[in-house]
Amino acid sequence: MPVKVARAEPEFVPGVRHPLERWLRTDRLPHIWCSGCGLGTALSAFLYALDELGWDPDSIAVVSGIGCTGRVAGYLKLDTYHTTHGRPIPFATGLKLAKPDLHVIVFSGDGDLFAIGGNHFIHAARRNMDITVICVNNLNYGMTGGQLGPTTPVGALTTTSPFGNFEHPFNLVHLAASAGATYVARWTTLDGRRLQKAFVEALSHKGFTFVEILSPCPTNYGRRNRMGEALDELKYYREHMVIRHGADPKDADILPGKPFLVGKFVDLEKPTYLELYQTKAREIGGG
Amino acid sequence: MSELQERAAKLWKVPKGYIYVLEEFCKGCGFCVEFCPKKVLAQASHFNDKGYHPPEVVDPEACVLCGFCERICPDFAIWVEEEGKGDVS
Ligand SMILES: Cc1ncc(C[n+]2csc(CCOP(=O)(O)OP(=O)(O)O)c2C)c(N)n1
Ligand code: SF4
Ligand code: SF4
Ligand code: SF4
Ligand SMILES: [Mg+2]
C-alpha cells in the first residue's frame, strides 16, 4: 500500500469513547482476534443493532459456545454465558423457557453450531424456539488450528484436508429453512448496515431466527487457500456475492470461485414453542 | 474508568465532523484504508506498540463522514463523529 503523508496534524484527545463502548467490557480490549479477522466487524454490526433496538440491556442475554466466535460472550457488557462446545442452543433454550421475557441470542461459530452442536440447531428450529442464532461462518475451525468443518467448501485446503475437501458441505441457509426457522438471512462482514438491519429484524421477529455471516479467517483459512490476506478475502466477497432477497434456499450453496447468494431468504410467521406449550397447558387445564 | 477512556486517540477535523483513531487498538488490517470510498485514509509509516501500521488521514477535505471506516474496523480503532451531533453511525 502506498505510504502517503498526513496533510493535517492530528490532535491528541484523552478520554474519548468509541460509540459502541457502552456495550463492551473495555478492560478486556483489544480483543484476542487476529489482525483482519472478521469477528470484530460482525460483533460491531450486532452492537449497532442493539443500539437501534434500544432495549434495556438487562433484558438481553447472549450465549456463546467454544471457538474464536465463542469469545464474543466475554467481551459484552451484558449477561452472557460462555458455555461448553456445541451446547449454546440448549443453554439458550433453558434460559428462554425459564424467563420468556428475555431476549436470548446465541452467537457462535460454524463448527460449534453445526458439527458438535448440529442436533441442537435442527431441533430448536423445528420447535420454533423463540431465540436468535447468529453464526459466524469462517468455513473452518479457527480456534483449534484450521480443521475442516461441516461448512468447508469442496476443494478447500485445511489442516485435515491437505489434498482438498471432498465432502459435501452444509448450505446453512437451506438447513435452517428446512428445519423450520422463521427468519433466515445471510450477509458478509462487508455488509455492515445490511447486517445491522438483519439483526434488528431477526431479534424483533417471533420464533426461531437465524443470521449467517460469512467472515474472513485469514490466519487459518484465507492463507491456506491462497486467498491472500484478510483484505483479499473481503475483495473476494465483494466480487462474488449476489444479493437476492427471497431466493430459494437450495440455491445458496457456497462453491469456491463461484458467485454465492446473500440476502433475506425466509421471513414468515408460525406459532412458537412457548405459544404452543401454553395452548396445550390451557387445553389440559394446567395453564 | 476503563482503559479505553484513559487512552488518547488521534483526532482529525474533516468538513462535516471528526475522525478518531485509537492507534493502540489497531491491528493494521488495512480495511478502513482500502474500503473508504473517498480515499481519505492511508497506512501511516510509523508503527504502534504492537508493530502494526495504523491509519492516518491524508485527505481530510474528501471525507463525507459515511462511517464506513468505523463499520468495517474489526478492532474498534477508528470512528467518526458528526459536528455537534456525536456519533453518526
Ligand atoms: C467437547 C469438545 N470437543 C472439541 C473441542 C475443541 N474445539 C474447540 S473450538 C472447536 C471448533 C471451533 O470451530 P467454530 O465453532 O467454527 O469456531 P471458530 O473458532 O471458527 O470461530 C473445537 C473442535 C472442545 N473445546 N470441546
Ligand atoms: S484463527 Fe481465524 S477466526 Fe480465529 S481469531 Fe484468527 S482469524 Fe479469527
Ligand atoms: S467516514 Fe467515510 S469518507 Fe470519511 S474516512 Fe471514513 S470511510 Fe472515508
Ligand atoms: S480497519 Fe481498524 S484495525 Fe484495520 S487498519 Fe483500520 S483502524 Fe486499524
Ligand atoms: Mg469457524
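Helices in chain A, meaning DSSP H runs of at least 4 residues, each add -39500 (n - 2.57). Divided by all residues, the mean residue ellipticity at 222 nm is -8500 deg cm²/dmol.
Would you mind computing the Rg to Rh ratio of the stretch A:1-144 from its alpha-carbon coordinates, Kirkwood style for Rh? Taking Rh as the inverse mean 1/r over Cα pairs, Rg/Rh reads 1.06.
Calculated translational diffusion coefficient of the stretch A:20-101 (10 °C, 1.306 mPa s; Stokes-Einstein with Kirkwood radius over alpha-carbon pairs) equals 118 µm²/s. Neighbour counts of C-beta atoms inside 10 Å place A:L231, A:L203, A:L214 in the sequence A:L231, A:L203, A:L214, starting with the fewest.
Angle between the Cα long axis of helix A:273-283 and the longest principal axis of chain A, 0 to 90 degrees, nearest 10? Orientation of helix A:273-283: about 0 degrees from the principal axis. Stretched out straight at 0.36 nm per residue, the stretch from A:R244 to A:T160 would grow longer than its current Cα-Cα span by 26.9 nm. For chain A, the longest principal axis of the alpha carbon atoms and the long axis of helix A:230-240 meet at an angle near 70°. Arranged from fewest to most other beta-carbon atoms within 10 Å of their beta carbon, B:I78, A:I254, A:I122, A:I284 become A:I284, A:I122, A:I254, B:I78. With R₀ set to 51 Å, the beta-carbon distance separating A:E9 from A:L255 gives a calculated FRET efficiency near 0.55. Annotation: aspartates and glutamates with alpha-carbon distance below 16 angstrom to B:K13 (same-chain offsets under eight excluded): A:E9, A:E11, B:E56, B:D59, B:E61, B:E70, B:E81, B:E82, B:E83, B:D87.
Placing +1 on the Cβ of every Lys and Arg and -1 on the Cβ of every Asp and Glu, with no other charges, gives the stretch B:3-77 a dipole of roughly 260 debye about its Cα centre. Computed from the C-beta positions of A:R193 and A:A281, the FRET efficiency with R₀ = 56 Å rounds to 0.85. Put +1 on the Cβ of each Lys and Arg and -1 on the Cβ of each Asp and Glu in the protein assembly as shown; which of A:G117, B:V64, A:G142 then has its Cα farthest toward the positive end of the dipole? Result: A:G117, furthest along the dipole toward the positive end.
Given +1 at the Cβ of Lys and Arg, -1 at the Cβ of Asp and Glu and no other charges, the dipole of the stretch A:56-130 around its Cα centre is 200 debye to the nearest 20.
Projecting the Cα atoms of A:N165, A:H85, A:A98 onto the charge dipole of the stretch A:83-204 (Cβ charges, centred on the Cα centre) puts A:A98 farthest toward the positive pole. Could you tally the net charge around A:E239, taking each other residue with its Cβ under 12 Å from the Cβ of A:E239, Lys/Arg +1 and Asp/Glu -1? Result for the local shell: +1.
Across the stretch B:76-82, computed HN-Hα scalar couplings (Karplus, 6.51 cos²θ - 1.76 cosθ + 1.60, θ = phi - 60°) run 6, 9, 9, 8, 10, 9, 7 Hz from first to last residue, x flagging Gly and Pro.
What is the sum of charges, Lys and Arg at +1 and Asp and Glu at -1, for the other residues whose Cβ falls under 13 Å from the Cβ of A:K99? Surrounding charge for A:K99 is -3. When DSSP beta bridges are restricted to pairs lying wholly in the stretch A:34-283, around 20% turn out antiparallel. Classify chain B as rounded, prolate or oblate from the Cα gyration tensor: take a ≥ b ≥ c as the square roots of its eigenvalues, call it rounded if a/c is under 1.5, otherwise prolate when a/b beats b/c and oblate if not. The shape class here is oblate. Assuming R0 = 41 Å, can you tell me the calculated FRET efficiency for the pair B:K13 and A:S204, based on Cβ-Cβ distance, to the nearest 0.05? The value I calculate is 0.60.
The angle separating the long axis of helix A:88-98 from the principal Cα axis of greatest extent in chain A is about 40 degrees. The alpha-carbon positions of the protein assembly as shown define a convex hull whose volume is 137 Å³ per residue.
Eight or more residues apart or on different chains, and alpha-carbon atoms under 24 Å: count the Lys pairs in the stretch A:34-283 matching that. Here the count comes out as 25.
Considering only A:A202, A:I66, A:L255, the residue lying farthest towards the positive end of the dipole of chain A is A:L255, judged by Cα position with unit charges set on Cβ.
In a simple Cβ point-charge model (Lys, Arg +1; Asp, Glu -1; nothing else charged), chain A has a dipole of about 240 debye relative to its Cα centre. Neighbour counts of other Cβ atoms within 10 Å put A:K250, A:K258, A:K197 in the fewest-to-most order A:K258, A:K250, A:K197.
Take each residue in A:228-237, count the other chain C-beta atoms within 10 Å of its C-beta, and the mean is 2. Is the C-alpha gyration tensor of the stretch A:31-79 telling us rounded, prolate or oblate? Criteria: a/c under 1.5 is rounded; beyond that, a/b larger than b/c is prolate, otherwise oblate. Taking the square roots of the gyration eigenvalues as a ≥ b ≥ c, the stretch A:31-79 is oblate.
Only the coordinates and a few stated rules stand behind these numbers; no lab work does. Keep in mind that what you see is a predicted model, and the values were worked out from it rather than measured. In this analysis, Cβ positions are derived from the backbone assuming ideal geometry, glycine residues included, and neighbour counts consider all displayed protein chains.
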